[in-house]
Amino acid sequence: MKVFIHYEEPAAESLRQTLKITLPKKWEKGPCSNLMDTFVKNYNAKHPENQLNGSQLRIETEMREVVPMHAVVCERVHDRADLYVKFGAAGAPPTRLGGGGAKSGGFEAGAGGPDAMRACKNFGCNKKYCERTNFDGECRHHTKPPVFHETAKYWSCCPHKKAYDWESFMEIKGCAHGKHSDIKPGAGNVALGGSHVRGAAGGAAGPKLKKIEDYNRGAVELKPIEALKHALIAIGCSASDFEAAVAALNKKFDNDEAEVLAELATEFGFGLHNLIGTTNGMAPPPPSS
């Protein structure tokens with residue numbers, strides 16, 4: 001698993017940094033704080049004039065969601081994810097209640113009634129809302145998670161609408177309407193990366209892509225004489241002159257293709273030697289009788 005951690009906060013470009021980290025297997029089940037610690041250590045070693053303090057920073061995903069430092073890496077970060085170091089510490093781990101509850105899942109629920117402002121977590125929405133005015137159709141969102149594959153960014157429910165920068169990606173309109181929700185769709189990691197795309201492609205029964213060798217083999221299916229004719233026409237030679245010459249050779253050699261090709265090779269060979277001045281007194285091939 002690989003991740004790319006970007007620090008783009010400083011105004012001075014020389015103080016910015018992108019760090020590519022290949023995670024050890026055991027880190028995938030470890031806390032996200034390992035990512036922050038590694039980045040800060042690497043950055044401070046390279047920039048002694050601009051030391052960072054990890055306790056004053058947070059990490060955000062491509063979706064600008066804060067990654068809790070206590071969260072498990074594989075549950076919040078996908079392979080080849082772009083992560084961003086920002087000023088401002090991430091929130092503390094949630095406090096577990098003694099008895100637990102069906103609605104809060106054992107964690108202390110946030111305060112707020114029907115007028116409390118909440119952030120919608122439906123894919124592609126991110127708007128603020130309150131339950132009192134949360135009517136059906138208020139939220140326009142996507143039904144499936146985003147895909148960040150190489151430079152392309154798109155929603156897996158709308159694969160035909162691709163963007164190549166963050167602003168254009170966030171402008172892709174949702175394909176569904178409904179109510180806002182502060183419950184994150186799915187579980188764990190919801191952003192898809194290259195491994196998910198390759199896995200989906202491997203399981204699909206779509207048409208098999210041709211290799212370049214397949215196309216090359218298809219081009220060579222022309223007979224040598226036909227291929228030579230196309231090549232000569234391409235450089236401006238007369239098609240009728242070539243056909244007349246081949247017809248004369250076929251008549252002379254009783255349609256023996258090998259003999260016709262050998263005669264053509266001799267004629268062209270002499271012509272090439274004549275052009276580069278290496279005939280050295282060679283006589284031209286005798287005219288066909």
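Of all the criteria given as (1) modelled with pLDDT of 90 or more; (2) of a type in the set (A, V, I, L, M, F, W, C); (3) touching a Gly at 6+ places or on another chain (Cβ under 9 Å); (4) under 26 Å from E9 (Cα atoms), the one not satisfied by V73 is (1).
Kindly provide the set of residues from the stretch 1-45 that are in a helix (DSSP H, G or I) and more than 25 Å from V72 (Cβ to Cβ), ordered by number. Of everything in the stretch 1-45, those that are in a helix (DSSP H, G or I) and more than 25 Å from V72 (Cβ to Cβ) turn out to be E13, S14, L15, N44, A45. Considering the stretch 188-289, the qualifying helices (runs of 4 or more DSSP H), each wholly inside and each with 2 or more residues that are at pLDDT 85 or above, run over 224-234, 239-252, 257-276.
Out of all the residues in the stretch 153-171, is one or more more than 23 Å from D79 (Cα to Cα), surrounded by fewer than 16 Cβ atoms within 10 Å (Cβ to Cβ) and touching a Pro at 6+ places or on another chain (Cβ under 7 Å)? Checked the stretch 153-171: no residue is more than 23 Å from D79 (Cα to Cα), surrounded by fewer than 16 Cβ atoms within 10 Å (Cβ to Cβ) and touching a Pro at 6+ places or on another chain (Cβ under 7 Å).
Per-residue answers, yes or no, for (1) more than 26 Å from N122 (Cα to Cα); (2) of a type outside the set (S, T, Y); (3) exposed (fewer than 14 other Cβ atoms within 10 Å of the Cβ):
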| residue | (1), (2), (3) |
| --- | --- |
| A11 | yes, yes, yes |
| I21 | yes, yes, no |
| L35 | yes, yes, no |
| F39 | yes, yes, no |
| I59 | no, yes, no |
| V66 | no, yes, no |
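Considering the stretch 115-130, the residues that are over 26 Å from the mean Cα position of the chain (by Cα) and surrounded by 15 or more Cβ atoms within 10 Å (Cβ to Cβ) include one that is nearest to K161 (Cα to Cα), namely C120.
The values are calculated or read from the model by the stated rules, or taken from the named source; none is laboratory data. What you see is a predicted model, and the numbers here were worked out from it, not measured in a lab. Positions of Cβ are generated from backbone atoms using ideal geometry, with glycine treated the same way; all protein chains shown enter the neighbour counts.
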